[in-house]
Amino acid sequence: MKKTLYLKFILAYFIFGVFGFVIITTFVPNMIKDHLVREKADSLYSEATLIANTYATGLYKSEITLETVKAQLDALSVYLNSTIRIINPSGRLVLDTTMPLDVENVIVVDDFDPTVTRGSYYTIGTFFDDFETAVLSVIAPITNNYKVKGYVVIHSSMADIEQSAAGLLNISYLTLIILFLLSMIILIFFTEIVYIPLKKITYATEQYASGNMRYEFQIESEDEIGYLAACISFMASEIARSEDDQKKFVANVSHDFRSPLTSIRGFLEAMIDGTIPPEMHEKYLTIVLNETERLTKLTNSLLTLNNLNTKGMMLDKSDFDINGIIRKTAASFEGTCKPKNINIELVLTGDELYVNSDVDKIQQVLYNLIDNAIKFSHHSSSIRVETSEKKNKIFVSVKDTGIGIPKEDLKLIWDRFYKSDLSRGKDKKGTGLGLAIVKEIITAHGEHINVISTPGVGSEFIFSLKKSQYHDEEY
Ligand code: ADP
């Protein structure tokens, strides 16, 4: 495909050259000749008319002698490079600038007919066989007292005109050659601007198609081709990135599944082969149970993330009271809070606060945030869940006074499987998927979530929700 595009362009270039040549050789010579003939005839006719109205009329009125007229016309004929004649209506030659005056020998132009020009003012031919080669002849009548006394006829050699036409035609050919050579610039531009970049792009796409997504190429132009190259390059890097993400994801999932499975297997084997005595079984079976719980949690989180991804924006939105949902979710953590002596403080705006969102998913967000707040809080501390209203938004904040998040981790906590070093010791059951799920849900709603955190002081997660339009009167 690459080759043919270039060949096509070169073919078009040569077709342009051949057509140019054919058109110049067929039409231009006639156009030039016609133009030169008309121009010459125009000027000769003006001269002939002038002579007819001056010298010739004077001659017929006997005001000027034939010799004087002959001398004048001889000089003029040299200047015009033509033959000037005065002919009587009968065809008798009165004067001819190519011959001396000879009154005795009467010369007659046989078959002379002044209407030979047929409505035009000039004619081309041998002029009643008077010349051997073609001449351009103009005829102007000499009138006296409204009578035609004779004619001034000027002949000019066609060979001269043809010579001039050939000269002009040569100039046309030269112009064509120069144009042809200059249009090579277009060919060079095409090669530089279109062909070479296109070749690079095609090669790059071939590389991508064969799986080499890391192939890099650069086209430094700011036109459409440059833009196309940048788009293709970006597309390839995105595919490479998503491939990497996928690999990382599978590696993380496998790792997170393997460690609980290894520990379950280890404990069970030890129990079967008697390394763990029967009286200790309950303790280790509890550990095994906890590990299976962790696996269930991990599987559920993965399924949730997968559903969020595949369903995309498919949210089941409705108007509901966020305060009510917060109360319900906080209550579900009572059992978890008690052993750590953690108190969940609710600072809710109004009694009911209606938002328009997917209730199940927002409950999941609250669950994950409160779960994290409890996990990373110190013993005997307090967690504050607050709702506030600003313009058409409802803001929900979950604040703890726990271990906090180091500054360099703040951007990473939203990534799948990310767990900060600080949290690893405190929360062995964490999957690192909780906040990724939270982020996906809030983004799917077209809303935002933010975190403010200081290590050793605590963290606050705040997210926005769209206020319900139909429950304004409630507050
Ligand atoms: P998990 O809690 O299962 O490890 P998450 O995605 O919910 O996974 O959280 C990712 C990481 O963000 C946690 O491992 C922890 O390091 C940090 N983090 C989340 N919430 C808090 C919090 N309230 N206080 C301190 N660190 C937190």
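The values are calculated or read from the model by the stated rules, or taken from the named source; none is laboratory data. Bear in mind that the values here come from a model prediction, so they are computed numbers and not experimental data. Heads up, the Cβs are rebuilt from the backbone with ideal geometry, glycines too, and the neighbour counts pull from every protein chain shown. We work out accessible area using only protein heavy atoms, side chains counted, and drop any ligands, DNA or RNA first. Shrake-Rupley method; radii C 1.70, N 1.55, O 1.52, S 1.80 Å.
Going by what's in this entry, would residue 276 be described as among the β-branched types (Val, Ile, Thr) and part of a loop (DSSP other than H, G, I, E, B)?
Criteria met by residue 276.
Given (1) within 48 Å of the chain's Cα centre (by Cα); (2) more than 17 Å from residue 34 (Cα to Cα), identify the lone condition not met by residue 168.
Status for residue 168: all satisfied but (2).
For residue 89, work out the one condition from (1) touching a helix residue (DSSP H, G or I) at 6+ places or on another chain (Cβ under 8 Å); (2) not in a loop (DSSP other than H, G, I, E, B) it doesn't fulfil.
Tallying (1) touching a helix residue (DSSP H, G or I) at 6+ places or on another chain (Cβ under 8 Å); (2) not in a loop (DSSP other than H, G, I, E, B), residue 89 fails exactly one: (2).
Starting from residues that are in contact with a Gly (Cβ under 6 Å, 6 or more places away or on another chain) and part of a loop (DSSP other than H, G, I, E, B), keep the ones in the range 92-112 and report whichever is most open to solvent (accessible area, probe 1.4 Å).
Residue satisfying both the conditions and the ranking: 112.
Only one of 373, 444 is farther than 22 Å from residue 252 by Cα and at pLDDT 95 or above. Can you tell me which?
Of 373, 444, the one residue that is farther than 22 Å from residue 252 by Cα and at pLDDT 95 or above is 373.
Please work out if residue 245 is open to solvent by 60 Å² or more (accessible area, probe 1.4 Å), within 30 Å of residue 306 (Cα to Cα), not assigned by TED's automatic domain parsing to the domain that holds residue 18 and not in a loop (DSSP other than H, G, I, E, B).
Yes; evaluated as a whole, the condition is true for this residue.
Please tell me if residue 401 is modelled with pLDDT of 95 or more and open to solvent by 60 Å² or more (accessible area, probe 1.4 Å).
Yes: the conditions hold for residue 401.
Residue 137 versus (1) in a strand (DSSP E or B); (2) open to solvent by 20 Å² or more (accessible area, probe 1.4 Å); (3) of a type in the set (Gly, Ala, Ser): which is the lone unmet condition?
Here residue 137 clears every test but (2).
Of the numbered conditions (1) closer than 20 Å to residue 196 by Cα; (2) assigned to a helix (DSSP H, G or I), residue 261 fails exactly one; give the number of that condition.
Among (1) closer than 20 Å to residue 196 by Cα; (2) assigned to a helix (DSSP H, G or I), residue 261 violates only (1).
Could you please find all residues in the range 366-398 being crowded, with 21+ Cβ neighbours inside 10 Å, away from the ligand (no atom under 11 Å from the Cβ) and β-branched (Val, Ile, Thr)?
Across the range 366-398, the qualifying residues are 385, 394, 396.
Is it the case, given these coordinates, that residue 123 is surrounded by 14 or more Cβ atoms within 10 Å (Cβ to Cβ) and either among the acidic types (Asp, Glu) or more than 21 Å from residue 57 (Cα to Cα) (or both)?
yes
Would you be able to say whether some residue in the range 310-317 is part of a helix (DSSP H, G or I) and either over 30 Å from residue 262 (Cβ atoms) or within 50 Å of the chain's Cα centre (by Cα) (or both)?
yes
The rows are residues; the columns are (1) among the β-branched types (Val, Ile, Thr); (2) at pLDDT below 90.
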| site | (1), (2) |
| --- | --- |
| 203 | no, no |
| 207 | no, no |
| 220 | no, yes |
| 226 | no, no |
| 242 | no, yes |
| 249 | no, yes |
| 253 | yes, yes |
| 259 | no, yes |
